[in-house]
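K.L.:
Following this message is one structure expressed as structure tokens.
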Amino acid sequence: MSDYIEKAINILKENDFRITTPRKLVIKLLDKSKEALSAYEIKDKLDSQGKDVDIVSIYRIIDCLEKNKLVHRVLSNSKVMKCQIGHEDECHKHQEYHCHHLLICQKCGTIEEIHCAGIAPVIKKVEHESSFKIKTHNLEFYGVCKSCL
Ligand SMILES: [Zn+2]
Ligand SMILES: [Zn+2]
Ligand SMILES: [Zn+2]
């Protein structure tokens, strides 16, 4: 079992979610995928493995994983990807929301996650200048990954 699968199962258990077969199948798929996946792409992949999980269940599973901070949603297409950095990570622990930032390769679609480092002062500055209380933010960087350069 990969670290992500193990972690996801533990976190779901801790939060009183049952580890159902469909939940486990979706977690396994997300673990293997280097690209973000839509609910329908998840459905297609499960279909091709001969696993029949209906689309409504897949949407619910994605919601559940998102609430448990196990996946990130890509803003431009609403697809989801696993959280790679992890809950034991310091910058993750101290956040009420799920804040890791994404590096998205425009050539191959690979997504990498990076820490929140350096963003806090920017947020403070924006709050100061706008008198707006910021609760959350999203940040995605688009470009070309190492293997596509
Ligand atoms: Zn993350
Ligand atoms: Zn690439
Ligand atoms: Zn952030």
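K.L.:
Bin width 10 Å, alpha-carbon pairs only: give the P(r) of the chain as whole percents, running from 0 to the bin holding the largest distance.
P.N.:
10, 37, 34, 15, 3, 0
K.L.:
Using a Förster distance of 30 Å, how high is the FRET efficiency between S57 and I11, based on the Cβ-Cβ distance and rounded to 0.05?
P.N.:
Given R0 = 30 Å and the Cβ-Cβ separation, E is 0.95.
K.L.:
Could you calculate the contour length gain from T136 to K32, that is, 0.36 nm times the residue separation minus the distance between their Cα atoms, to one decimal place in nm?
P.N.:
34.6 nm
K.L.:
Got a sec? Charge dipole of the stretch 3-148, +1 on Cβ for Lys and Arg, -1 for Asp and Glu; which of S57, Y142, V126 is way out at the positive end?
P.N.:
Checked the options; the winner is S57.
K.L.:
In whole Hz, with x marking every Gly and Pro, tabulate ³J(HN,Hα) for the stretch 103-116 from phi via Karplus 6.51 cos²θ - 1.76 cosθ + 1.60, θ = phi - 60°.
P.N.:
10, 10, 7, 6, 8, 10, x, 4, 10, 10, 10, 10, 5, 7
K.L.:
Can you show me the helix-derived [θ] at 222 nm for the chain, built from DSSP H runs with n ≥ 4 at -39,500 (n - 2.57) apiece and divided by the number of residues, rounded to the nearest 500.
P.N.:
Calculated mean residue ellipticity at 222 nm is -12500 deg cm²/dmol.
K.L.:
Hey, which of these cross-link pairs are over 25 Å Cα-Cα: K7/K51; K24/K82; K13/K82; K34/K124; K79/K125; K7/K45?
P.N.:
K34/K124; K79/K125
K.L.:
Right, here's the next one. For the stretch 3-148, calculate the relative contact order in percent as a whole number, restricting contacts to Cα pairs under 8 Å that are 6 or more residues apart.
P.N.:
With pairs under 8 Å counted, the relative contact order is 19 percent.
K.L.:
Please give the per residue accessible area of the chain, computed with a probe of 1.4 Å over protein heavy atoms only, in Å².
P.N.:
63 Å²
K.L.:
Here's a follow-up. Take the solvent-accessible surface of the protein heavy atoms, probe 1.4 Å, and return the percent of it on the stretch 3-148 that carbon and sulfur atoms account for.
P.N.:
For the stretch 3-148, the apolar C and S fraction of the accessible surface comes to 51 percent.
The values are calculated or read from the model by the stated rules, or taken from the named source; none is laboratory data. Please read these numbers as outputs of a predicted model, since none were measured by experiment. No Cβ is skipped: glycine too gets one built from the backbone with ideal geometry, and neighbour counts run over all protein chains shown. Heavy atoms of the whole protein, side chains included, go into the accessibility calculation; ligands, DNA and RNA do not. Shrake-Rupley method; radii C 1.70, N 1.55, O 1.52, S 1.80 Å.
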